[in-house]
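Heads up: the structure comes next, in structure tokens.
The values are calculated or read from the model by the stated rules, or taken from the named source; none is laboratory data. Just so it is clear, the model here is predicted, and its values are computed rather than measured. Neighbour counts run over all protein chains shown; Cβ positions are idealised from the backbone, glycine included.
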């Protein structure tokens, strides 16, 4: 299984353009400073925070006015620099998913014509910098708005955290003959592959896979800052067939592949080093398109969730959590203990 996952992941990366030899801290700090140097004093005051500011770990995916600088208050050239920073922080696939969220927000703005209780505005996505970006320093940055939260933490010049990583899609699939985007499905792979895996299970396997209780109405982990391991539910990887393991591996790759490749490869190495009896796939809800459903893949240090229950099962929430490296929690604690005796 480990060899299969790594092989599949490297095949995916062969199509991507990042040079893996580049140092993440150098690339990210260079891109971040281009953004910061373009800001005026008023913009900088909104965008910059201390590294230990409480808002660094206060993340969310619902629509509301956030701390930070919204892109609607930035010039076109500044917004281009933000896209460059996203490209340095994410894979091409990850960047496209993040920008796809904005497309859906604009679609809803036009379709709802102001009739919804939430303001639909693709300009209300915010950038926040925590600490001073330097090639060898410790700092972080966030891109966040409705249905999207991408959090990056750099410690001593190395990207050590790219989670929590939340991406949502409403509608999950555009079904509108009048729209040029009819049929667009931002999170199709995550949703369809999860259903495909659940449908492939034998009755005995499926019984093991079912999560107890009612189908969750949202991701179970919510927007907690520090996530503790959940009690394992579902079927373990060791009880899946080779074909089923391959599908599960492809799902994991899709989530982890949001991150820039050098970081994602390290994450995949850690995940594939996990014993098969410690990785679980759990399912709740219907097996057909249009039926509300939820799944999660969990291990001792990682969690992937998908919930598609709202709006007649056409409203998707997905999240990737790293229980040790969300916001760099454990790495920072170890760094403080070693370097400063705290």
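Listed here are the residues, each with its yes/no results for (1) in the same structural domain as residue 248 (by TED's automatic domain parsing); (2) in a loop (DSSP other than H, G, I, E, B); (3) crowded, with 16+ Cβ neighbours inside 10 Å.
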residue: 176; (1), (2), (3): no, yes, no
residue: 179; (1), (2), (3): no, yes, no
residue: 191; (1), (2), (3): yes, no, yes
residue: 194; (1), (2), (3): yes, no, yes
residue: 197; (1), (2), (3): yes, no, yes
residue: 206; (1), (2), (3): yes, no, no
Would you check if there is a residue in region 81-90 being closer than 14 Å to residue 143 by Cβ, modelled with pLDDT of 90 or more, outside any helix (DSSP H, G or I) and in contact with a helix residue (DSSP H, G or I) (Cβ under 7 Å, 6 or more places away or on another chain)?
yes
So for region 322-332 (the condition being within 25 Å of residue 186 (Cβ to Cβ) and either modelled with pLDDT under 95 or part of a strand (DSSP E or B) (or both)), does at least one residue qualify?
yes
Closer than 30 Å to residue 251 by Cβ, surrounded by fewer than 20 Cβ atoms within 10 Å (Cβ to Cβ) and in contact (Cβ under 8 Å) with a residue 60 or more places away in the chain, is that true of residue 94?
no
